[in-house]
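Here the structure is laid out as structure tokens; the discussion comes afterwards.
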Amino acid sequence: MITAAVLGSPISHSLSPLLHAKAYAELGIEGTYESREVKSGELRSFLNSNGSVFNNFSLTMPLKEEALAIADSVTKIAQQIQSGNTLRKVDGKWELTSTDVEGFSFALQSHGKKADGHVLVIGAGATARALVASCDGISSNISVINRSPEREIAIRKAAPKTEIELIPWDSNINFEDFDLVVNTTPGNTASIFCDQITSVNSTFFEVLYNPWPTQILSHWRKLGGYGIDGLDLLIHQAISQVELFAAISIDRSGMAKKLRVEGERALS
């Protein structure tokens, strides 16, 4: 039986319990999935107190990096991006991995899009590293708008096969130079770039679903650009988690459609 929860802070807005519950019901899986507020620095004590109750966890901010020092083992992809969104018990030990990387790829594919060409990523945190890893070896080159110089080494290690250009946060950017633009910054942080986006001819991928939609995604769509919202990323990384938790293979396309309906209903 699956006993799972999503951990993070803030967590009240999370749609993960809704999506996992729907997937379990559709698949006839016996399991529970809840949300728990766990703040930065509290993950180890939470696992010590609750680890015997649960056998699987989804991790959101600010725990994706903190888990690296706590897990008993870390998969290759989680090591590469120095982040993990999935903790599961394997032979009584906690294994950390990430489903964000393939979640991004599957979300793009569901819209008939690819990460080839020139990709621009807004932000350089844990989610950004997962996204550049999913583009590694596929994109011709990747540009990252970065506010924190100390994140440069980690972002480059996340995509060792691809040339990465770091762009200062206060730069003037021609968004028409890129084939795919991805926002990974929280809230409406990226809205400061709206004034620089006057015409579009490519795809915008927003990883957030709170707020719904973000200002920059709305702006992109108003200009006639193709926009993918964060609900698709949430859905596809969740499907990958369910496959791991239940040790099964899922009809991804069919399940994604059902979860999309649930998610849109909750957000509307």
Among the numbered conditions (1) crowded, with 19+ Cβ neighbours inside 10 Å; (2) outside any loop (DSSP other than H, G, I, E, B), tell me where Ser218 comes up short.
(1)
Within segment 133-144, how many residues turn out to be free of Cβ contacts under 8 Å to residues at least 40 places away in the same chain, aliphatic (A, V, I, L, M) and crowded, with 19+ Cβ neighbours inside 10 Å?
2
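Per-residue answers, yes or no, for (1) buried (at least 21 other Cβ atoms within 10 Å of the Cβ); (2) among the basic types (Lys, Arg); (3) part of a loop (DSSP other than H, G, I, E, B):
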| site | (1), (2), (3) |
| --- | --- |
| Leu19 | yes, no, no |
| Ala23 | yes, no, no |
| Thr32 | no, no, no |
| Arg36 | no, yes, no |
| Ser49 | no, no, no |
| Ser52 | no, no, yes |
| Phe57 | yes, no, no |
| Met61 | no, no, yes |
| Lys64 | yes, yes, yes |
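Does segment 200-212 hold any residues that are under 25 Å from Gly117 (Cβ atoms) and modelled with pLDDT of 95 or more, and which are they? Spell out the reasoning first.
Within segment 200-212, the subset under 25 Å from Gly117 (Cβ atoms) is 200-208.
Those that are under 25 Å from Gly117 (Cβ atoms) and modelled with pLDDT of 95 or more: Val200, Ser202, Thr203, Phe204, Phe205, Glu206, Val207, Leu208.
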So, first residue small (Gly, Ala, Ser) in segment 244-266, second residue surrounded by fewer than 17 Cβ atoms within 10 Å (Cβ to Cβ) and not in a helix (DSSP H, G or I), Cβ within less than 7 Å, six or more apart or across chains; the pairs are Ala246/Ile29
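From the list Lys93, Lys89, which residue is in the same structural domain as Gly254 (by TED's automatic domain parsing), farther than 27 Å from Tyr209 by Cα and in contact with a Ser or Thr (Cβ under 7 Å, 6 or more places away or on another chain)?
On the way: Lys89 fails: in contact with a Ser or Thr (Cβ under 7 Å, 6 or more places away or on another chain).
Being in the same structural domain as Gly254 (by TED's automatic domain parsing), farther than 27 Å from Tyr209 by Cα and in contact with a Ser or Thr (Cβ under 7 Å, 6 or more places away or on another chain) holds for just one of Lys93, Lys89, which is Lys93.
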Evaluate the following for Thr189: is it modelled with pLDDT of 95 or more, surrounded by 16 or more Cβ atoms within 10 Å (Cβ to Cβ) and over 22 Å from Asp116 (Cβ atoms)?
yes
Residue that is nearest to Glu206 (Cα to Cα), among those in segment 150-181 that are part of a helix (DSSP H, G or I) and without any contact (Cβ under 8 Å) to a residue 12 or more places away in the chain
Arg156
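The values are calculated or read from the model by the stated rules, or taken from the named source; none is laboratory data. Here the structure is a predicted model, which is why all the values come from computation and not from measurement. Neighbour counts are summed over all protein chains in view; Cβ atoms, including those assigned to glycine, are modelled from backbone coordinates with ideal geometry.
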